[in-house]
Every structure is written in C-alpha cells, then in structure tokens.
C-alpha cells in the first residue's frame, strides 16, 4: 500500500455511510434561488458541477460564486445565464467570455477581504461545493491543493457538499475540515486537474534576471499568478536561505527546494515553513506537497493579511499588470472596459511587502502586449480600473529594467517609466508626458536618451575598508542624486573637473550627464546604498568623437571618497566598456595641478602620448 493510501482511513465509506451519496443525490438538495460556492483552482469539484448543471431544467437563480476555477464551466453559457448567474471574484478563462458579454458578473475585492464577506453575512452562502481528501482516522479531511477561501466558504455555508478523492494530496497546516462539518460526501477517484506551465515569450528571460537581482539572500518571496512572476525561479539558484509566503505555488518551487535555495531559515514568521494557500501545477508537484511537513497551507485570511505579510523581514512581492500609466497607476483586472482577471492578492501583498523591514513590492510586466502595443501608457485606457494606486506603487519591472516610483515626483516617475518602456514608444511617451505637464518642456531635447543602460555595464568594487560600491550605468532617475553629488563637491574639486571657477554645476550640465544614449555617450556611477536609496559617490564617463573613433573620458569623485582608488576602478571599467563597443582609445584634458588624474592615466598601461599647453595636459590613450 502506498504512502498516500496510509494518509486516510481506508474504511471511511463504511464508517460514514449515512453521509455518502452520489453527485446527483447530493445536488438534489439544492433549491432555486440559492447561492452556491465552487471550490477554487485545480480543486474545482467538476463531478459536482456536472451533476448541478444536469438539473438546469429544474433550477433557476442559482448564483454561482467562485474565485479562480479550472476545468470546464458548463454553467457559464448564455443559455444558462438565468439558471446559473455567475459571480466571480477573479475572472478565469472558463468564465471570461460570459462575463465580458454581460451575462455574468465580477465582484472586485481584495482577496484578503473575501472571508469576511462570508463570515459577516454580507455575502451569505447557502451551499459550498468543495473537493477534499478522504477523512483520516480522526475524521479530518484535507482541503488539498486549494485552501484559500474554500475553508471560510465551508465554515460559513449552510450546506457543504464535498467531492472526496483519494488522489487529492493531503496538504498540511490549517488546511483541515472535520468530516462531520460536511453534509454530503461524494466519492470520486479522478486525477487532480493539472495546470499548464505558460510558455516563454521574448523578454521573459530578461524580466526573470532583473527580478532575481532585486531578491536578496534571506528574503521571503511571493510569486503571483502567470508567466511573468514565475520567470524569476530559474535565476534564483545562486541565492541563499530564501523563504516562501505566497498565495500560490507552482512546479518551480521544487527545484529551488532541492537545490537548498529555499530553506525558510531567515523567515521572521513561520520559520522553516513554505506557506501558501493553494497550489496549481503538475502531478509531480501534487505528489511533492502530499503529506510534506515542509509546507504549511493556510486560509486566505492568514496568507493574504497585509499585517501578517509585513511581519516578514525582506518580504518581496511580485505581481503583474495589464498596463501602467506614467503617474504609476497600475491596472491589473481589466482591458479598458472589459473585465479580464481580478484584483486578487496584488494589493494585499503590495501593501504587506511595502510595510516589511527591507521589503520590496514589485509589479512586473512585458513592455508590450502580444500584438505590440505599449503596456506603459501616458494615460490608462478609457474604462481601465486602478488596482494598485500611485501611492502604493514601488517597483515596476519590464524586460528593459527597473523603475522605482515610491516617493518620487510625477516627473521622476514619468521619466523612470519611459526609460523601461519599449524603445519604439519612448519618444511618443515623452512627447505626451510634456503635453500632459508631467514633464518639463525642456526635456524634449533629450528624446531618445531616456533609457536604462545595459546591465552588462554593472559591476561591484570592494574597497580596502570592506565597503562595497555598486558601479552601474546612470539612470534617468539619478538626476537628483547627481545634483547632490555636485553640490557636495568642494570648489577645488569642481575646478579640477570642469576647469572653471564656477560655484555650482548648472542643472543643464547635470542633465547632460544623466540623459545619454549609452552608445556614443556613457556615464557610470559608483553608489552606496542608503535608507533613502542609492547615494552617488563618483561619476565616470566618456563622449565618443565618431570622426576619430576615440572618446573623451572624465571623472569626478566626491571629496569624502577621494584617494581610495575609485577613479582608477572606474577608468578600467570604462576601458572595458569602450573596447567592447569597438572604440580605439580615449582622450582627456587634465589641469597641470591635477596630479592624481595624471598619475592614474600614466600608470594605466595604455599607449599614452601627452603634451602640456597653457597649463592643461592633453592626453591620447590607445587601447
């Protein structure tokens, strides 16, 4: 006898024979006008659904209440719309058409709020049709692959009909219901619905890599529904001691557990446990979670509670969007006036992660739709609903990079989002942003130069005192930080860098360092993390003269960080970048009194010629 068989009482049908009925007998107790809840996801009780629909000629006004369901939905047709009106909290594929055609309904609500609707009686349930394991020796049945709102529905419905299936995995945690809290038991022996892994598309790998870069060792992670959040899993294999607190689990979890990436050792809540409320995947995943004490399945009112989520240190929430406007409003449940999916747990986890110590709330999306339209838009499509507000949004990720929006002005947000939009749409978005007064008109001259630099330019520098600097391409959102760097410079540092006795660096000149094309113009910055974001301590860059294929190179280092070899490190990194771009060499102009820069160039190992004219050394350095 297999281990799975030992997880339940093999004599359950005899022991509870007075409750055991056929599907047809069970649904015969449902009367017109009742509200019937259907179990969620891959635990949708399809045998009960078929039996209920078979009674369609006898019934009317049976409101079908559901979250996300899988499998056929024969009740969701125009012909049966009066008999089985659909009311869905999340629009899955099997009911999307009936809702979009106006013959079904959608209730927008935070996932964490749904159990309260049931318990308070604001949305009373007459019947809950669920899918469970057979009872064990103590009469306890597991809700298996879908605990989520099913547990609350079963606890608050007047009548509970359970499809009892020995092939249902016995998941552990707060996932049990006692057999005597059920009215009718309908034996079935059918495979659990499996969920196809969505195929990749261009940009998936880049998004996955970027998301992985935002996840630190020891983080606790939530991965939302769909291809985009799951894209991160293959890029987490070098991470250490990750934890999971997520509504949903998929097959991607298995390899990370077996590789020792997911341990839960650093979780500040439910340490060592993988916490979820439902699972959608393959039989391999179902077998993996069956009776596995590493997993703790809990109801939505726990898993999605923003306060509970916020108690996890380094909580990272990754969710998706349909479109994002230039002010940071996130639409995730509709395409214009057409409802498409649902609010789900996006806001629950966004707010929870935002309140977590060192947490990150991330919205990830492809820069374009499948038919090539931009998902980053000047204004949301008419009728589109806001799921995550401007005030809630933090990170936005596309295949072109990351835009951090929280606490940023409208102009900063617009420029950041334009920089990660598809290149084909950036010029139009900038033009619209100026027309909408989101961005100052003077920014029009930087059209084509609002972009995140190539990730290949990124590296790190470890200084002698152990301080680690991140060296990366400059971002459009760095303009305020660049102004801070220049304001921090002494008059002598300004003079040696700009060869001018000016008191400060004009805003226009700062912008010329920030808004660049990353090809003929390159700017890299050395940064250290601070509580309010990156602090820029040094800048290096070059400007290519296409006639000579040589680039003029220059640096500036904050006074507090001078004489720590940062300039030398930036120069070597710029040499590497320039060589990869096929540039022949560098030129530079250095004041006679700037001995430190002369020493840097003279000891660079390049082929150098220099001559002094009117107090300025003119350098030519060939690779």
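Observations
- Verdict on residue 11 being surrounded by fewer than 17 Cβ atoms within 10 Å (Cβ to Cβ), assigned by TED's automatic domain parsing to the domain that holds residue 143 and either closer than 30 Å to residue 340 by Cα or touching a strand residue (DSSP E or B) at 6+ places or on another chain (Cβ under 9 Å) (or both): no
Quick grid of which residues meet (1) surrounded by fewer than 19 Cβ atoms within 10 Å (Cβ to Cβ); (2) outside any loop (DSSP other than H, G, I, E, B); (3) on the phi < 0 side of the Ramachandran plot; (4) modelled with pLDDT under 95:
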| site | (1), (2), (3), (4) |
| --- | --- |
| 403 | no, yes, yes, yes |
| 418 | no, yes, yes, no |
| 424 | yes, yes, yes, no |
| 430 | no, yes, yes, no |
| 434 | yes, yes, yes, no |
| 438 | no, no, yes, no |
| 444 | yes, yes, yes, yes |
| 450 | no, no, yes, yes |
| 453 | no, no, yes, yes |
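- Residue within segment 573-586 that is part of a helix (DSSP H, G or I), at pLDDT 95 or above and within 18 Å of residue 468 (Cβ to Cβ) present: yes
- Subset tally (residues that are farther than 18 Å from residue 286 by Cα and without any contact (Cβ under 8 Å) to a residue 60 or more places away in the chain) for segment 232-256: 10
- Being under 22 Å from residue 367 (Cβ atoms) and either assigned by TED's automatic domain parsing to the domain that holds residue 561 or touching a helix residue (DSSP H, G or I) at 6+ places or on another chain (Cβ under 8 Å) (or both) is a property that residue 440 lacks.
- Condition check for residue 272: farther than 30 Å from residue 119 by Cα, assigned to a loop (DSSP other than H, G, I, E, B) and either over 21 Å from the mean Cα position of the chain (by Cα) or modelled with pLDDT under 95 (or both): yes
- If you filter segment 127-149 down to residues that are in contact with a strand residue (DSSP E or B) (Cβ under 7 Å, 6 or more places away or on another chain) and surrounded by fewer than 24 Cβ atoms within 10 Å (Cβ to Cβ), you find that the one that is nearest to residue 41 (Cα to Cα) is 140.
- Segment 359-370, residues that are over 22 Å from residue 316 (Cα atoms) and either surrounded by 21 or more Cβ atoms within 10 Å (Cβ to Cβ) or at pLDDT 95 or above (or both): 368, 369
- Against the list (1) in the same structural domain as residue 352 (by TED's automatic domain parsing); (2) surrounded by fewer than 22 Cβ atoms within 10 Å (Cβ to Cβ); (3) farther than 30 Å from residue 135 by Cα, the condition residue 228 fails is (2).
- Yes/no for residue 300 being over 17 Å from residue 170 (Cβ atoms), modelled with pLDDT of 95 or more and surrounded by fewer than 23 Cβ atoms within 10 Å (Cβ to Cβ): no
- Count of segment 343-368 residues which are over 18 Å from residue 230 (Cα atoms) and out of contact with any strand residue (DSSP E or B) (no Cβ under 7 Å at 6 or more places or on another chain): 6
- One residue from 90, 118 being surrounded by 17 or more Cβ atoms within 10 Å (Cβ to Cβ), at pLDDT 95 or above and part of a helix (DSSP H, G or I): 118
- Within this structure, residue 33 fails the test of being in the same structural domain as residue 102 (by TED's automatic domain parsing), in contact (Cβ under 8 Å) with a residue 60 or more places away in the chain and under 28 Å from residue 106 (Cα atoms).
- Number of residues in segment 518-566 that are part of a loop (DSSP other than H, G, I, E, B), at pLDDT 90 or above and within 24 Å of residue 442 (Cα to Cα) equals 2.
- Residue count for segment 575-599, restricted to those that are farther than 19 Å from residue 543 by Cα and without any contact (Cβ under 8 Å) to a residue 60 or more places away in the chain: 5
- Pairs with Cβ under 7 Å, 6+ apart, first in segment 325-338 and over 20 Å from residue 397 (Cα atoms), second at pLDDT 95 or above and surrounded by 16 or more Cβ atoms within 10 Å (Cβ to Cβ): 336/381; 336/384; 338/100
- Within segment 93-115, the set of residues being surrounded by 23 or more Cβ atoms within 10 Å (Cβ to Cβ), within 26 Å of residue 57 (Cα to Cα) and in contact with a helix residue (DSSP H, G or I) (Cβ under 6 Å, 6 or more places away or on another chain) comprises just one member, 104.
- Within segment 322-353, the set of residues being within 19 Å of residue 414 (Cα to Cα) and either surrounded by fewer than 24 Cβ atoms within 10 Å (Cβ to Cβ) or at pLDDT below 95 (or both) comprises 322, 323, 325, 327, 329, 331.
- Scan of segment 25-61 for residues that are over 19 Å from residue 248 (Cα atoms) and under 37 Å from the mean Cα position of the chain (by Cα), ordered by number: 35, 36, 37, 46, 47, 48, 49, 50
- The helices (runs of 4 or more DSSP H) found entirely in segment 121-232 that carry 1 or more residues being at pLDDT below 95 are 204-214, 227-230.
- Selected residue (criterion: surrounded by the most Cβ atoms within 10 Å (Cβ to Cβ)) from residues of segment 379-391 that are in contact (Cβ under 8 Å) with a residue 60 or more places away in the chain and closer than 16 Å to residue 414 by Cα: 390
- Scanning segment 376-393 for residues that are assigned to a loop (DSSP other than H, G, I, E, B) and touching a helix residue (DSSP H, G or I) at 6+ places or on another chain (Cβ under 6 Å), we see that the one that is nearest to residue 320 (Cα to Cα) is 387.
- From the list 470, 535, the lone residue that is loosely packed, with under 15 Cβ neighbours inside 10 Å and either assigned by TED's automatic domain parsing to the domain that holds residue 404 or under 22 Å from residue 213 (Cβ atoms) (or both) is 470.
- Subset of segment 312-331 (residues that are closer than 17 Å to residue 370 by Cβ and in contact with a helix residue (DSSP H, G or I) (Cβ under 6 Å, 6 or more places away or on another chain)): 320
- Those residues of segment 150-180 which are surrounded by fewer than 18 Cβ atoms within 10 Å (Cβ to Cβ) and over 23 Å from residue 190 (Cα atoms), in sequence order: 155, 158, 159, 174, 180
The values are calculated or read from the model by the stated rules, or taken from the named source; none is laboratory data. Everything numeric here is computed off the predicted structure, so don't read it as measured data. Using ideal geometry, Cβ is built from the backbone for each residue, glycine included, and neighbour counts are taken over all protein chains shown.
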